[in-house]
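First the structure, in the form of structure tokens, and then the observations on it.
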Amino acid sequence: MEILAVFPPLFAFLIAGLFGKQIGDEGAQFVTCAGVILAAFCSCVLFFDVVFDSDVRTVMLASWISAGDFEVEWALRVDQLTAIMLCVINIVSACVHVYSIGYMAHDKSRARFMAYLSLFTFAMLMLVTADNLLQLFFGWEGVGLASYLLIGFWNHKESANKAAVKAFVVNRVGDFGLALGIMATFLVFGSVQFDEIFMKAPELATHTFNFLWWELHSLTVISLLLFMGAVGKSAQLGLHTWLPDAMEGPTPVSALIHAATMVTAGVFLLVRFSPVFEYAPFALQIVCITGATTAFVAATIGLTQFDIKRVIAYSTMSQLGYMFFAIGVSAYGAAIFHLMTHAFFKALLFLGAGSVIHAMSDEQDMRKMGGLWKLIPTTYVLMWIGSLALAGLPFFAGYYSKDMILEAAFADHSWFGMYAFWMGIAAAFMTAFYSWRLILLTFHGKPRASKKVMDHVHESPSVMLSPLIVLATGAILAGSVFYGGFVGSASEEGHSNDIVSESEFVNIWDKEHFWGESIKVLPENDTIEAAHHVPVWVKKLPIVMALFGILLAYLIYMWCEGIAQKLAGKIAPLYKLSFNKWYFDELYDRLFVKNVWCIGRGFSVGDKKIIDGMGPDGVAGASMQTARILSRFQSGYLYQYAFVMIIGLIGIISWFAYKMMLGS
């Protein structure tokens, strides 16, 4: 079963990639969709086996590296955390694959696109099933390679090529930290196997090592280096600039990268290493502060963007910030809970946006939309469902997971936990506001597109809408159904006063039984249990802020038309800061890009004129010049050949005469 949950996308990639011309576009679509749907079904079976029957297992596939005492096996680690990730990745990927049949119907390279999707899915599956750091790094880099291919899929567009290179380069910065983290882990633990690392972590809780005359706490250094890798892959503040530019890829790519796969790899990595992070409190503080700041900054940027996909992209960055600060307060279960619910409603929003773009003849600017809700009513309803879940309103999936993160941050009773709580509350207000700004600008008001475009607006075909319905079901039910398993419920009576406790089906699974040994939390750090006992106002405040954000969006964009432009003019500096994405791209361009180009040009001069000039190019040039001189004697005239022979004969005689004189 484990093999069928992981390898069908790989086989589908090989068939579609190598034999795409032979089987045709339809054949490639069938093979890739069938492969990932099979993997999704088997993942669900594995989930119930692992969670209900506690059938945790590690399947050895082959010996990978054997060098002296160092051995690494190629294995599939299937525990509760892996089972959840397998379900999320394969279900969302299956929806994206099926959706792509309709969305990419007019593309000339459908087989190649579907092959890339399956490759991306397999790389992510290898990452989450890894049993050791080297195998994880293989999947990690595979995801980076596949994302480069997908973001730059429309390589006839210069912007797509630049976005692909940007994503690849920025992620290499984070991957450098991850590589150092793997090396540091091997140095400290003497192994890259997860079981051995996690078993030794308590023994090495106080271990230190010397580096450049500093005494450093080993587990803190390892945690921060792993966190550096997670920052790049999960687009946290500082290494986030690739994320919005990735919107240059086709919309299914945006859904796959930003919903359940690539950007969640960093969250998975940190949760997987919870047995190490629990003994590195300073690293957890850094994770919490970074996540909270990312959630806030990304939300402020989303307020002013007009590209429908970029608004949702910054929403992704903000929601990832929630997951990170949940990890920072040791609420690992809440982080994965939000990862799961977010995968459903964010994929729904991206694919819904793709349905809008499809209807609007590839238009992505919300200023050129409006008046669409009657023309594409199914897409409109589905976008509402995704937005309600994103805003965290009751009974939708986002409410259960996001509110638990905020409650856990408050329950941590630390200064950084309170910082995360209030940044999260502010982000919740802004999230609701820009979500309904998107709804109102896109679907309501007077049509702002040309008559030609509006005449061609049509609802998407069923092959595109059916995956949206599956995702919408998850966006509605995933929170309430899985709440008990992921984050448990209050153990003491009288403390559960939120909507969740009123449902009879939220406690299907016990939290400890649900997670088993896949997540480790020290008893004094159990903020999820403490979150059930926070004051009522802490539980209700996110809902109030979300409702206030929605009402403000209606006020500005529906009831008082024109007020948005006036407000932007009155707070012009803040508006420009948000609209220009806090000038991160301009800052990096000035600090890094231009300076690196100057340094590169300087080195290129030395490389060309000194190394190449005196090395291979110089030798080749001298050989060519010698050949040119000698070629002059190859004229075809007999007298010239006789002349050369005479010169040679004179030279030989002169040499012999010279030798005889020396001998005498």
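The values are calculated or read from the model by the stated rules, or taken from the named source; none is laboratory data. Everything quoted here is computed from the prediction, not taken from an experiment. Cβ placement follows ideal geometry from the backbone for every residue including glycine, while neighbour counts extend to all protein chains displayed. Only protein heavy atoms, including side chains, enter the accessible area calculation; ligands, DNA and RNA are left aside. Shrake-Rupley method; radii C 1.70, N 1.55, O 1.52, S 1.80 Å.
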Exercise for the section: Hand me the list of helices (runs of 4 or more DSSP H) wholly inside region 1-73 holding 3 or more residues that are of a type in the set (D, E, K, R) and closer than 14 Å to residue 90 by Cα. Expected result: none
Handout entry: Subset of region 401-414 [over 23 Å from the mean Cα position of the chain (by Cα) and of a type in the set (Ser, Thr, Tyr)]
Key = 414
Exercise for the section: Scan (1) in a helix (DSSP H, G or I); (2) among the polar types (S, T, N, Q); (3) surrounded by fewer than 24 Cβ atoms within 10 Å (Cβ to Cβ) for the single condition residue 361 breaks and write down its number. Expected result: (1)
Problem - Residue list for region 53-72, filter: at negative phi and in contact (Cβ under 8 Å) with a residue 40 or more places away in the chain - result: 56, 57, 58, 59, 64, 65, 72
Handout entry: Residues (open to solvent by less than 100 Å² (accessible area, probe 1.4 Å) and polar (S, T, N, Q)) located in region 630-648
Key = 631, 635, 640
Exercise for the section: Starting from region 565-592, take each residue that is open to solvent by less than 90 Å² (accessible area, probe 1.4 Å) and list its partners that are among the hydroxyl-bearing types (Ser, Thr, Tyr) and assigned to a helix (DSSP H, G or I), counting only C-beta distances under 6 angstrom and pairs at least six apart or across chains. Expected result: 568/575; 578/300
Exercise for the section: Might you let me know whether region 433-456 holds any residue that is open to solvent by 30 Å² or more (accessible area, probe 1.4 Å) and aromatic (Phe, Trp, Tyr)? Expected result: no
Problem - Residues of region 67-102 classified as surrounded by 24 or more Cβ atoms within 10 Å (Cβ to Cβ) and in contact with a Pro (Cβ under 7 Å, 6 or more places away or on another chain), total - result: 4
Fill in the blank from the handout: Cβ pairs under 7 Å, 6+ apart or interchain, first in region 103-117 and open to solvent by 10 Å² or more (accessible area, probe 1.4 Å), second part of a loop (DSSP other than H, G, I, E, B) and among the hydrophobic types (A, V, I, L, M, F, W, C), ordered by first then second residue, are 110/104; 116/153
Handout entry: Filter result (over 28 Å from residue 278 (Cα atoms) and either surrounded by 13 or more Cβ atoms within 10 Å (Cβ to Cβ) or free of Cβ contacts under 8 Å to residues at least 12 places away in the same chain (or both)) within region 523-541
Key = 537, 540, 541
Practice task
For region 466-485, state whether one or more residues are farther than 20 Å from residue 382 by Cα and not in a helix (DSSP H, G or I).
Solution key: no
Problem - Residue list for region 210-237, restricted to those being on the phi > 0 side of the Ramachandran plot and touching a residue at least 60 places away in the same chain (Cβ under 8 Å) - result: 235
Fill in the blank from the handout: When restricted to 145, 224, 187, 180, the only residue open to solvent by 50 Å² or more (accessible area, probe 1.4 Å) and in contact with a strand residue (DSSP E or B) (Cβ under 8 Å, 6 or more places away or on another chain) is 187
Exercise for the section: Considering (1) farther than 17 Å from residue 145 by Cα; (2) open to solvent by 10 Å² or more (accessible area, probe 1.4 Å); (3) touching a Lys or Arg at 6+ places or on another chain (Cβ under 8 Å), say which one residue 244 fails and leave the rest. Expected result: (2)
Problem - Filter result for residue 471 (closer than 30 Å to residue 102 by Cβ and crowded, with 20+ Cβ neighbours inside 10 Å) - result: yes
Exercise for the section: Examine region 316-323 for a residue that is open to solvent by 10 Å² or more (accessible area, probe 1.4 Å), in a helix (DSSP H, G or I) and within 24 Å of residue 468 (Cβ to Cβ), and state whether such a residue exists. Expected result: no
Exercise for the section: Pick out the one residue from 343, 347, 389 that is open to solvent by less than 10 Å² (accessible area, probe 1.4 Å), closer than 19 Å to residue 102 by Cα and not aromatic (Phe, Trp, Tyr). Expected result: 347
Practice task
Give region 190-221 a look and list any residue that's touching a helix residue (DSSP H, G or I) at 6+ places or on another chain (Cβ under 6 Å), surrounded by fewer than 19 Cβ atoms within 10 Å (Cβ to Cβ) and in a helix (DSSP H, G or I), or say none.
Solution key: 198, 200
Problem - Enumeration of residues in region 573-591 that are closer than 18 Å to residue 299 by Cα and aliphatic (A, V, I, L, M) - result: 574, 577
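Condition check ((1) small (Gly, Ala, Ser); (2) at pLDDT below 95) across all residues:
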{"residue": "347", "(1), (2)": "yes, yes"}
{"residue": "365", "(1), (2)": "no, yes"}
{"residue": "368", "(1), (2)": "no, yes"}
{"residue": "373", "(1), (2)": "no, yes"}
{"residue": "384", "(1), (2)": "no, no"}
{"residue": "388", "(1), (2)": "no, no"}
{"residue": "392", "(1), (2)": "yes, yes"}
Problem - Filter pass, residue 594 being closer than 23 Å to residue 299 by Cα and within 28 Å of the chain's Cα centre (by Cα) - result: no
Handout entry: Residues that are among the hydrophobic types (A, V, I, L, M, F, W, C) and touching a Phe, Trp or Tyr at 6+ places or on another chain (Cβ under 8 Å), drawn from region 126-142
Key = 126, 127, 128, 130, 133, 134
Problem - Candidate set from region 24-52 (those that are of a type in the set (Val, Ile, Thr) and at pLDDT below 90); member that is surrounded by the most Cβ atoms within 10 Å (Cβ to Cβ) - result: 50
Completion exercise
Exception for residue 296 within (1) closer than 30 Å to residue 95 by Cβ; (2) open to solvent by 10 Å² or more (accessible area, probe 1.4 Å); (3) of a type outside the set (Val, Ile, Thr) falls at (1)
Completion exercise
Log entry, pairs with first residue in region 619-641 being farther than 27 Å from residue 608 by Cβ, second being open to solvent by less than 100 Å² (accessible area, probe 1.4 Å), beta carbons closer than 6 Å, six or more apart or on different chains, reads 633/644
Problem - Options 230, 313: the member that is among the hydrophobic types (A, V, I, L, M, F, W, C), buried (at least 24 other Cβ atoms within 10 Å of the Cβ), out of contact with any strand residue (DSSP E or B) (no Cβ under 9 Å at 6 or more places or on another chain) and assigned to a helix (DSSP H, G or I) - result: 230
